[in-house]
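Undergrad: Structure incoming, see below.
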Amino acid sequence: MKNKEVIIIGYSNVTPEGVALHTNIPATLKEGGVKSRVTWVSWDNIGDLLFKDYTEEKTVEGLNELRSKKNYKRMKVINKQNQHEIGFDIDCLPAWAEYIAMDSDKYWFFYADDLLPYKDDGVWLNFSLFSIIPEEYEPKNYVGSWEDSLFKIDRSEMVKYNGTAI
């Protein structure tokens with residue numbers, strides 16, 4: 001056995017975009033010639049290497065659109081004007097919260113990041129910042145299923161013209 005064989009020994013910094021891979025010795029990339037013991041790799045590069053017919057789309061907007069075709073078709077927007085419909089106050093969330101959703105156990109969570117959460121085994125995940133919404137702040141009037149509970153938080157103010165929202 002050669003003593004210069006590169007193997008992956010671990011990983012860190014998992015994000016919605018990719019992961020940092022750690023090797024036993026400094027490894028040189030096949031393209032670019034960069035040598036390091038830690039190399040960041042995008043999920044899309046991994047997907048392209050692993051899966052037949054993996055998308056050639058590379059833009060964040062395009063990838064989010066592809067991801068939304070399966071998991072986010074029911075996502076609704078919640079804002080100051082309609083938050084009362086589900087009995088929720090978006091001001092109870094930290095400024096970085098961009099989504100709320102309920103899991104199959106009826107617990108509500110808020111999520112950060114521009115990458116959309118996705119459904120997995122009764123919960124919503126997005127590998128970013130997230131936290132549970134305390135029971136006293138949970139939406140009080142929501143009656144749908146957990147699978148329909150994904151809401152995008154919109155903090156923009158409605159424009160008014162002569163006192164009428166437009």
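Any read-out appearing in this document is the output of simple, stated calculations on the displayed coordinates, not a laboratory observation. Keep in mind that what you see is a predicted model, and the values were worked out from it rather than measured. When we count neighbours, we look across all protein chains shown, and the Cβ atoms used for this are built from the backbone with ideal geometry, even at glycine.
Undergrad: Describe numerically, in nm with one decimal, the distance between label points set 7 Å from Cα along Cα→Cβ at SER12 and at TRP43.
TA: Computed distance between label sites SER12 and TRP43 equals 2.2 nm.
Undergrad: Extending each Cα 7 Å along its Cβ direction at ASP53 and ASN141, get the distance between those two points in nm, one decimal.
TA: 4.4
Undergrad: Still on this structure: Can you give the FRET efficiency for ASN82 and SER36, using 1/(1 + (r/R0)^6), R0 = 35 Å, r = Cβ-Cβ distance, to the nearest 0.05? Each step should come with its number before you reach the end.
TA: Details: r = 49 Å, r/R0 = 1.39.
About 0.10, to the nearest 0.05.
Undergrad: Could you put PHE110, PHE151, PHE130 in order, starting from the residue whose Cβ has the fewest other Cβ atoms within 10 Å?
TA: Working: PHE110 22, PHE151 25, PHE130 18.
Least crowded to most crowded, the residues run PHE130, PHE110, PHE151.
Undergrad: Still on this structure: Using 0.36 nm per residue of separation minus the Cα-Cα distance, give me the extension gain between SER156 and LYS4 in nm, one decimal.
TA: Details: separation 152, 0.36 × 152 = 54.72 nm, distance 5.58 nm.
Fully extending the segment from SER156 to LYS4 adds 49.1 nm.
Undergrad: For LEU150, LEU63, which order do you get if you count the other beta carbons within 10 Å of each Cβ and list the fewest first?
TA: Numbers: LEU150 22, LEU63 18.
Sorted ascending by nearby Cβ count, the order is LEU63, LEU150.
Undergrad: Between ASP121 and ALA20, what FRET efficiency comes out of the Förster formula 1/(1 + (r/R0)^6) with R0 = 30 Å and r the beta carbon distance, rounded to 0.05? All intermediate terms of the calculation are to be shown ahead of the outcome.
TA: Numbers: r = 26 Å, r/R0 = 0.85.
Calculated transfer efficiency: 0.70.
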